[in-house]
Amino acid sequence: MGGAAMRHSRPGAGLALAALLGAGVATGPAGADGLLDMWPDPQPPFNSYDTVFPNWVQFPAAAFELWVQDDITDVTCTDGPIAGVTILNYGTATGGAAGDLTNVYFAVECGSTNTAMYTLTFAGNWNIGGPLYPAWTWAGSVPWVADPCALPATGCYCFPSFFIYADLGACPTDGATVQMGPAWDPLGLSTGITDECDYGAPWSSMPDENIKTIHNRARKPRALARG
C-alpha cells in the first residue's frame, strides 16, 4: 500500500458525534469543517442503472454523504479543506490505463461549494486487510466556499455530498463489477478522505451499495465449437 492521500486521522474524532447532535448545530449557521464520518447516499443518477458499457466517460459511479464537525465542538479546526482522497474499486474491474477503469474523479457539493471534477491518479493495487483493490489517490486542497454547517442557501447543515465518477476503457472485461468507495485500513486506522485538520472518514469499510456490471460483448468468452 502506498500514496500520500490516505493517512492516519485524528483518533477520537468520531467521539464528537454526541456533542454535535446535542449542540443542535445542524439547524443553524455555526462554523464548521473537520470530517467526522461518511456513508453511502444512493440517489439519481448514481443509482439509476446497474450496467455500464465500453468508452463511457465520467459516468456517475457512487454517491456518499460526508459529515463535518462544527466549530463549537472543536475550536481548533475552524477551516478544514479536504486534503487527501483515496478511492478503491471493491468490485472486480481492474484499474489503470490498460485496465477496465481508466480514470476516476471526485466532486464535492454543499450549498455554495460546488466543485469541478478532480482527477485522481492510479496508484496500483493495494493490499488492505488481505484483498487487493485498484486504488486511486489525490492530494491538494478543496476549500469550502462557505460554512458547510450553514443553512442550505450557502451550506448544507454539515452534510456535504461526495460524488465519484469514472471512465471505462475501450475494451473492458465483460461481467466485471464496479463498486467504488473510499479506502479504509482497519490495521493502520487510516481513512480514505482526510482534511487539513487531520480529521478523516470513513471509520469502516464503505463501498457503494449500487454495484454496476460491465457489459462488453467483444470480451465475452466464446464457447468451443462442437466436433
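Listed values, structure above:
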read-out: Fully extended contour minus Cα-Cα distance, from residue 72 to residue 187, at 0.36 nm per residue; value: 38.3 nm
read-out: Distance in nm between pseudo-label sites at residue 118 and residue 92 (7 Å out along the Cβ direction from Cα); value: 3.2
read-out: 5 angstrom amide H check on residue 113, placed H, neighbours 5+ away; value: 145, 146
read-out: Most to least packed among 41-51, 90-100 [average Cβ atoms within 10 Å]; value: 90-100, 41-51
read-out: Residue 43 versus residue 154: modelled label distance in nm, points set 7 Å from Cα along the beta carbon direction; value: 2.1
read-out: For the range 164-169, 3J(HN,Hα) per residue [Karplus equation, 6.51 cos²θ - 1.76 cosθ + 1.60, θ = phi - 60°, Hz, x = Gly/Pro]; value: 10, 10, 8, 10, 9, x
read-out: Nearest-0.05 FRET efficiency for residue 79 and residue 209, computed from C-beta distance (R0 22 Å); value: 0.10
read-out: Prolate/oblate/rounded label for the range 121-175 (Cα gyration tensor, a/c 1.5); value: prolate
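Values in this text are rule-based calculations from the coordinates and carry no lab data. In this text the structure is predicted, and so the values were computed from the model without any measurement. All Cβ positions, even for glycine, are placed from backbone atoms using ideal geometry, and neighbour counts span all protein chains on display.
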